[in-house]
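Below: one structure, written as structure tokens.
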Amino acid sequence: MGKVYVFDHPLIQHKLTYIRDKNTGTKEFRELIDEVASLMAFEITRDLPLQDVQVETPVATANSKVIAGKKLGLVPILRAGLGMVDGILKLIPAAKVGHVGLYRDPETLKPVEYYIKLPSDVEVREFIVIDPMLATGGSAVEAINSVKKRGAKNIKLMCLVAAPEGVEEVQKYHPEVDIYLAAMDEKLNSKGYIVPGLGDAGDRLYGTK
Ligand code: PRP
Ligand code: URA
């Protein structure tokens, strides 16, 4: 079974508090999501393999390390996932970015796919599927299905806030996928919103509420 990691780093938890706050406006909300995404990327990349290299310092030759050429792909789920991409790219600028367009049908809460575009070398990349919200899990399951269907073999899921129902759903359909979170919340309400959550992430990011 894939592991679930909840990042308890004080900076992540502090910023998440202000992201949750309903009085935080669009500009600050977007900036905070970007910052938390960078901090999460720092944690999520802990297991990247390193290789030995030598570098000439102004003083001598140093035996040092660089990341061992691992190819990473980010796949934000549109639209709210987009809010986390730049923060991750600040730390991993060589990552390629695919996109999966999904929205939740407001009646059925089921995800409807409207767009998919991935890097051409899907088989050799490790992918991080990104969405701030893991609610029923339907969107994440469908996005991972789409990425797998096109040949991806190595996939992680990165979300800000999850409901236990969403985590269970991902583990049911994609038991090998590790899940990285800033918080595991209590539950879903009758409209499929995470409680306490942070509201509608897409609307808060883009001011469409
Ligand atoms: C939100 C959110 C996730 C999805 C989570 O997107 O960004 O993609 O809901 O819900 P689920 O786990 O129950 O599938 P939404 O469908 O509102 O689209 P948007 O990002 O375009 O606002
Ligand atoms: N999508 C959101 O944006 N927020 C939720 O709480 C659930 C799904």
Sort through GLY101, GLY83 and tell me the only one that's under 24 Å from ASP34 (Cβ atoms) and in a helix (DSSP H, G or I). GLY83
Pick from LEU109, LEU91: which is surrounded by fewer than 16 Cβ atoms within 10 Å (Cβ to Cβ), near ligand 1 (Cβ under 8 Å from one of its atoms) and under 24 Å from MET184 (Cβ atoms)? LEU109
Cβ pairs under 7 Å, 6+ apart or interchain, first in region 175-204 and of a type in the set (Ser, Thr, Tyr), second at pLDDT 95 or above and within 9 Å of ligand 1 (Cβ to nearest atom), ordered by first then second residue, are TYR193/ALA135
What pairs come up if the first residue lies in region 125-145 and is within 14 Å of ligand 2 (Cβ to nearest atom), the second is of a type in the set (Lys, Arg) and open to solvent by 10 Å² or more (accessible area, probe 1.4 Å), and their beta carbons are under 6 Å apart, counting only those six or more places apart or on different chains? GLY138/LYS110
Flag if GLU35 is out of contact with any helix residue (DSSP H, G or I) (no Cβ under 7 Å at 6 or more places or on another chain) and either charged (D, E, K, R) or open to solvent by 60 Å² or more (accessible area, probe 1.4 Å) (or both): no
Sort out which residues of region 39-66 are out of contact with any Leu (no Cβ under 6 Å at 6 or more places or on another chain) and of a type in the set (D, E, K, R), and write them in order of number. GLU43, ARG46, ASP47, ASP52, GLU56
Pair list, Cβ under 9 Å, 6 or more apart: region 101-114 residue acidic (Asp, Glu), other residue open to solvent by less than 40 Å² (accessible area, probe 1.4 Å): ASP105/PRO111; GLU113/VAL100; GLU113/GLY101; GLU113/LEU102; GLU113/ALA143; GLU113/SER146
Checking SER120 against (1) within 16 Å of ligand 2 (Cβ to nearest atom); (2) surrounded by fewer than 20 Cβ atoms within 10 Å (Cβ to Cβ), the condition it does not meet: (1)
Hey, does region 132-148 have a residue that's under 20 Å from ARG46 (Cα atoms), open to solvent by less than 10 Å² (accessible area, probe 1.4 Å) and aliphatic (A, V, I, L, M)? no
Out of LYS22, LYS70, sole residue that is at pLDDT 95 or above, part of a loop (DSSP other than H, G, I, E, B) and either polar (S, T, N, Q) or open to solvent by 60 Å² or more (accessible area, probe 1.4 Å) (or both): LYS22
Go through the residues of region 173-183 one by one and say whether even a single one is hydroxyl-bearing (Ser, Thr, Tyr), more than 25 Å from PRO10 (Cα to Cα) and more than 10 Å from ligand 2 (Cβ to nearest atom). yes
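The values are calculated or read from the model by the stated rules, or taken from the named source; none is laboratory data. Predicted model only: the values in this text are computed from it and were never measured. Every residue, glycine among them, receives a Cβ derived from its backbone with ideal geometry; neighbour counts consider all protein chains shown. Each accessible area value is taken on the protein alone, full model and side chains, heavy atoms only, with ligands, DNA and RNA left out. Shrake-Rupley method; radii C 1.70, N 1.55, O 1.52, S 1.80 Å.
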